[in-house]
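See below for the structure under consideration.
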């Protein structure tokens, strides 16, 4: 399953990565995500395995940084199961960490309503402590709600925003 996912990932990102200049750090990071070269961590979701790099992941997530700094079972392992979370939201989180724009249509694995997807990404960003992604998901959610509040997804998005966030976190709720 992993090698098939690797091939899909390489094809999907092939045209978006253009690291012609050796000093272009962001392009290099994207290239390594697309190829999974030098990856030292595998993230397992419900339907795919993502090969990532601890340096990139831990540098942007306090959750993963603490996981590998502490004396946890996972700190000595090169694999993490994130099978309880929405696989598309997890995939979007790692795309974001590597400098890609995340979008509900980025995945070949399935599409989600952009409004609901923004809520799921926000929740994952909060859970795994990726503040820049949390801010970006909030911005996307606000933009989508302002233009699509009359769609059938809006009542579901309201319910999801309240279900997936704690009472003290008003970022999405205040938009509604």
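The values are calculated or read from the model by the stated rules, or taken from the named source; none is laboratory data. A quick note: this is a predicted structure, and the numbers were derived from the prediction, not measured. Reconstructed Cβ throughout: ideal geometry from the backbone, glycine too, with neighbour counts over all protein chains shown.
Couple of notes before you dig in:
- Verdict on residue 119 being at pLDDT 90 or above, within 19 Å of residue 87 (Cβ to Cβ) and assigned to a helix (DSSP H, G or I): yes
- Residue selected from the range 156-176 under the condition out of contact with any helix residue (DSSP H, G or I) (no Cβ under 7 Å at 6 or more places or on another chain) and assigned to a helix (DSSP H, G or I), by the criterion surrounded by the fewest Cβ atoms within 10 Å (Cβ to Cβ): 163
- Residue 62 vs. criteria at pLDDT 85 or above and closer than 16 Å to residue 129 by Cβ: yes
- Top-ranked residue of the range 79-106 - restricted to ones that are at pLDDT below 75 and more than 19 Å from residue 56 (Cβ to Cβ), ranked as surrounded by the fewest Cβ atoms within 10 Å (Cβ to Cβ): 105
- Qualifying residue in the range 140-155 (condition: in a loop (DSSP other than H, G, I, E, B) and under 15 Å from the mean Cα position of the chain (by Cα)): no
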